[in-house]
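The values are calculated or read from the model by the stated rules, or taken from the named source; none is laboratory data. If you're wondering where the values come from, they're calculated on a predicted model, not measured in any experiment. Here the Cβ is made from the backbone with ideal geometry for all residues, glycine too, and neighbour counts use every protein chain on show. Please note that ligands, DNA and RNA were not included when accessible areas were found on the heavy atoms of the full protein model with its side chains. Shrake-Rupley method; radii C 1.70, N 1.55, O 1.52, S 1.80 Å.
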Amino acid sequence: MSCEFKRKLPIPKEIKEMFPLTKEIEEIKANRDEEIKQVFTGESDKFLLIIGPCSADAEDSVIDYITRLRAVQEKVKDKIIIIPRIYTNKPRTTGDGYKGMLHQPDPQKSPDMLAGIIQIRKLHIRAIRETGFTCADEMLYPENHRYVSDILSYVAVGARSVENQQHRLTASGITIPVGMKNPTSGDLSVMLNSIIAAQHGHTFIYRGWEVESTGNPLAHAILRGGTNEQGKSFSNYHYEDLLKLYDMYGEKNLQNKAVVVDANHANSGKQYLEQIRISKEVIHSRNHNSKLKEYIKGLMIESYIEDGSQKEDGGVYGKSITDPCLGWEKSEKLIYDIADKL
């Protein structure tokens with residue numbers, strides 16, 4: 001092979017033993033997992049907001065942001081469950097650019113995967129300890145999920161990963177909700193096939209083991225828009241799109257019919273301010289149709305402390321170094337507006 005094997009990394013069990021969970025944190029996670037699960041099974045009519053930075057690039061600003069969310073959560077807790085995004089792996093279209101905290105714990109320094117694995121675990125634990133929030137992360141690398149499998153309450157499989165067999169089979173062995181995004185092409189049948197695969201049990205190789213999964217009944221759809229053959233973004237969050245997916249879902253005989261709408265990415269054409277309008281339109285569609293109210297379980301919103309984005313060396317505290325995000329003031333108001341409309 002034309003690559004250098006630099007060092008053998010600790011296995012997940014070793015990292016978990018180095019940074020264990022307290023009994024209190026384990027109880028918080030168990031309670032949060034059950035509360036979120038009940039949204040997907042229909043036992044709860046609360047609405048999910050999976051909200052936070054495009055990428056978790058700095059521990060202190062991420063915790064600052066999540067701490068602000070905590071205060072808002074208390075005011076909307078009768079209607080909304082907030083799941084903060086701590087996305088520590090960043091997919092890159094061309095492979096270039098900042099790949100997230102896993103690769104670069106410090107965006108200004110060279111990649112250090114061991115330090116990244118440790119920092120990710122410490123960040124998620126700190127979030128739970130200081131705010132009571134168990135969070136969401138993207139499963140960009142299925143083999144790395146075990147490093148954080150005991151601290152996450154939500155997992156997303158991205159548009160570039162959803163067709164990958166290992167992502168689908170790994171999702172089938174996870175016990176928390178896994179959102180499967182439609183691929184960049186926008187093909188809904190591909191997304192639904194991935195949900196079928198994740199909801200079924202499988203025997204497969206994972207981290208050098210032959211494993212057998214039982215299937216994940218909480219696997220569900222995430223609509224994020226797509227890109228056509230000319231490279232132009234198109235959306236799939238409108239009323240007719242949501243009804244179309246509802247009917248396609250029904251044909252597949254899947255468990256716990258559910259969709260989360262991603263208000264950014266191709267749905268907004270990466271025009272981050274459009275997330276406000278899109279979120280309100282989805283809520284309006286949900287309120288207008290009982291079938292949609294039944295299966296639209298939440299929204300995914302990219303939000304941080306400061307509006308917009310900056311270059312990796314920009315130096316502005318709480319401003320995204322990847323995709324642009326809604327700033328805090330707009331995000332706080334949006335959450336209250338959503339709660340009022342539910």
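For Ile51, the residues whose modelled amide H falls within less than 5 Å of its own, excluding neighbours fewer than 5 places apart on the same chain, are Ile83, Arg85, Ile301.
Computed from backbone phi, the HN-Hα couplings of region 7-23 come to 6, 8, 7, x, 6, x, 4, 5, 5, 5, 6, 5, 10, x, 8, 7, 4 Hz, rounded to whole numbers (Karplus: 6.51 cos²θ - 1.76 cosθ + 1.60, θ = phi - 60°; Gly and Pro given as x). Once backbone amide H atoms are built at 1.01 Å from N, Cys325 has Gly308, Ser309, Ser320 as its partners under 5 Å, excluding neighbours fewer than 5 places away on the same chain. What's the local net charge at Asp137, with K and R +1, D and E -1, over the other residues with C-beta under 12 Å away? Charge balance near Asp137 sits at +2.
Within a straight-line Cα-Cα reach of under 25 Å, Lys99 can be paired with the following lysines, leaving aside sequence neighbours fewer than 8 residues apart in one chain: Lys6, Lys8, Lys13, Lys16, Lys90, Lys109, Lys122, Lys181, Lys232, Lys270, Lys311, Lys319. Protein heavy-atom accessible surface, 1.4 Å probe, per residue over the chain: 45 Å².
In region 191-342, the convex hull through the Cα atoms has an average projected area of 12.1 nm², a quarter of its surface area. Each Lys or Arg adds one and each Asp or Glu subtracts one; over the other residues with Cβ under 15 Å from the Cβ of Ile11, this totals +3. The packing ranking, built from the mean of other Cβ atoms within 10 Å per residue, places the peptides 189-196, 164-171, 231-238 in the order 164-171, 189-196, 231-238, highest first.
Its relative contact order, with pairs defined as Cα atoms under 8 Å and 6+ residues apart, puts region 199-342 at 18 percent.
Annotation note: trypsin sites (Lys or Arg not before Pro) in region 1-104 located in DSSP loop regions with a Cβ neighbour count of at most 15 within 10 Å are Lys6, Arg7, Lys8, Lys77, Lys79, Arg92. Computed 3J(HN,Hα) for region 214-224, one whole-Hz value per residue from the Karplus formula 6.51 cos²θ - 1.76 cosθ + 1.60 where θ = phi - 60°, is 9, x, 10, x, 9, 5, 8, 8, 10, 8, 10, glycine and proline marked x. Within region 168-202, which residues have the backbone N less than 16 Å from the label spot 7 Å out from Ser149 along Cα→beta-carbon, could you tell me? What the label zone holds, given the 16 Å backbone N cut-off, is 168-178, 201-202.
For the chain, the antiparallel share of DSSP beta bridges with both residues in that region comes to about 20%. When Lys and Arg each count +1 and Asp and Glu each count -1, what net charge do the other residues less than 15 Å away from Val72, Cβ to Cβ, add up to? So the surrounding residues net to +2.
Computed over protein heavy atoms with a 1.4 Å probe, the carbon and sulfur contribution to the accessible area of region 226-339 reaches 45%. Probe radius 1.4 Å, ligands and nucleic acids ignored: give me the carbon and sulfur share of the accessible area of region 1-54 as a rounded percent. Carbon-and-sulfur percentage of accessible area, whole number: 52.
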